[in-house]
1. Identify which of H350, H50, H42 has the largest mean-square fluctuation in a Gaussian network model of the chain, with springs joining Cα atoms closer than 10 Å.
2. As a test question: what accessible area, to the nearest 10 Å², does C308 have when a 1.4 Å probe is rolled over all protein chains in place?
3. Mind checking the full-extension length gain between A135 and R427? Use 0.36 nm per residue of separation minus the Cα-Cα distance, one decimal, nm.
4. Mean residue ellipticity at 222 nm from the helices of the chain, using -39,500 (n - 2.57) per DSSP H segment of n ≥ 4 over the full residue count, to the nearest 500 deg cm²/dmol?
5. When the Karplus curve 6.51 cos²θ - 1.76 cosθ + 1.60 is applied with θ = phi - 60°, which whole-Hz ³J(HN,Hα) does each residue of region 269-282 get, with x for Gly and Pro?
6. Work out, step by step, the length gained on full extension between E13 and E397: first 0.36 nm times the residue separation, then minus their alpha carbon distance; give nm to one decimal.
7. Between (1) 0.96; (2) 1.07; (3) 1.12, which matches Cα Rg over 2.2 N^0.38 Å calculated for the structure shown?
8. In whole Hz, with x marking every Gly and Pro, tabulate ³J(HN,Hα) for region 312-317 from phi via Karplus 6.51 cos²θ - 1.76 cosθ + 1.60, θ = phi - 60°.
Amino acid sequence: MRHPDTAIPVYAERRARLAAALGEGIAVVPTAPERPRNRDTHFPYRFDSHFYYLSGFAEPEAALVLVGGEPPRSILFCREKNVERELWEGARHGPEGARERFGFDEARPIGSLDAALEELLGNRPLLAYPVGADAGWDARAMQWLNAVRARSRAGVAAPASIQDVRVLVDEMRLRKDRHELAVMRRAARISAGAHRRAMRFARPGRTEYEVEAELLHEFRRQGAQFPAYWPIVAGGANACVLHYVENNAALADGALLLIDAGCELDGYASDITRTFPVNGRFAAGQRDVYQLVLAAQLAAIEKARPGCAWNEPHDAAVRALAQGLIDLGLLAGGLGEVLEKETYKRFYMHRTGHWLGLDVHDPGEYKQQGAWRTLAPGMALTVEPGLYIRAADDVPEALRDIGVRIEDDVVVTETGCEVLSAEAPKRIEDIEALMRDARAAD
């Protein structure tokens, strides 16, 4: 992970905001454990997003403790330096190096965490930690509290309240700061470049996994550490399976190829979907469906602006798609009837977007007190309508087994929104021109 010195104050400011919300309480935010993939090997390590958001610290076996009050304190517990282990696994910051590098008030060995919490929690009103996220951490929290309660006859009181710290951090993460948006812009540019590369590469007879390899190559070549999720590379009827990831079929001449793929850069996700013809030219039926989805997406993006409710982009997309399905002869009845009975869900069964950030599906409530949340500057979301038309007797042959989704990463601004992934072509003429030029260069 890249940690420019200019980013360190950003993490300190986030910790200060959380500490202020704690009052005199204490928050414990652990990072994720390493997870085995098979015997003697682990999955590539990925830190816990809440922990990283507050610390910028990417090593495993670590926890952040925030002590509220005046002045507040931040304490990182992490692995100690170990020459032998570092020979095998790479350098560690160690407590002192981490304190200096990342701007914590204190840093201590991870092995001292339990004893420290049993002491720190004395006479504190609140313990905030990720309640219920992990049985091991739940047990440790009870151990800390019981140890403090055992000192009650000495006049030491245990916290009377327990709170899920994720509720507080989720709300903080909902509106992205300048540092986050800079990383997300670069992640979106890398992913957009990967989609352009896939369009140039695709040919009838090549396979979905060959296209997948082009995407992954471009992610890593441009400095992204991981895919944010496993790419969906779905040709023909496979595009009608929303989470298709087998990516093992041959690409047929005359079929569409749906690619849902995004990289993760310095912890931040991008999430882009494009759909295009394998042979470089949209057939008439494909063109009709694609234009309908694109119109729905543009209508939704128009509603991704401050003051609009969260559901307004979705409602705008649904209205456009429903009318289009009627016009294509795929649905009977008037627009009002189709919307009321939700018959459009046969062909469009998912929501139009989700929050985006350190997680592909970033945290944050979509409703508050039963009402859809109002969009505000700094909120980042995807806009991704689609249509999935499986073959059936009542579906015209020209429209059978067509799956189209168009997805962009959007951040709400003061006056509207910014489409972070705009460099990935989505107009029919732009897609066809890119693919035509690629073939001419062969």
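1. It is H42.
2. Taking all protein chains as shown, C308 has close to 10 Å².
3. Details: separation 292, 0.36 × 292 = 105.12 nm, distance 4.91 nm.
Stretched out fully, the A135 to R427 stretch lengthens by 100.2 nm.
4. Working: 13 runs with 164 residues, N = 442.
So the calculated ellipticity at 222 nm is -11500 deg cm²/dmol.
5. Those phi angles translate into 8, 10, 8, 10, 10, 9, 10, 8, x, 4, 8, x, 9, 6 Hz.
6. Values: separation 384, 0.36 × 384 = 138.24 nm, distance 5.83 nm.
Extending this stretch completely gives an extra 132.4 nm.
7. Among (1) 0.96; (2) 1.07; (3) 1.12, the one derived from this structure is (3).
8. In residue order, the calculated couplings are 5, x, 5, 4, 5, 5 Hz.
The values are calculated or read from the model by the stated rules, or taken from the named source; none is laboratory data. Just so it is clear, the model here is predicted, and its values are computed rather than measured. Quick reminder, even Gly has a Cβ in these numbers, built from the backbone with ideal geometry, and neighbours come from all protein chains shown. With ligands, DNA and RNA removed, areas are computed over all heavy atoms of the protein, side chains included. Shrake-Rupley method; radii C 1.70, N 1.55, O 1.52, S 1.80 Å.
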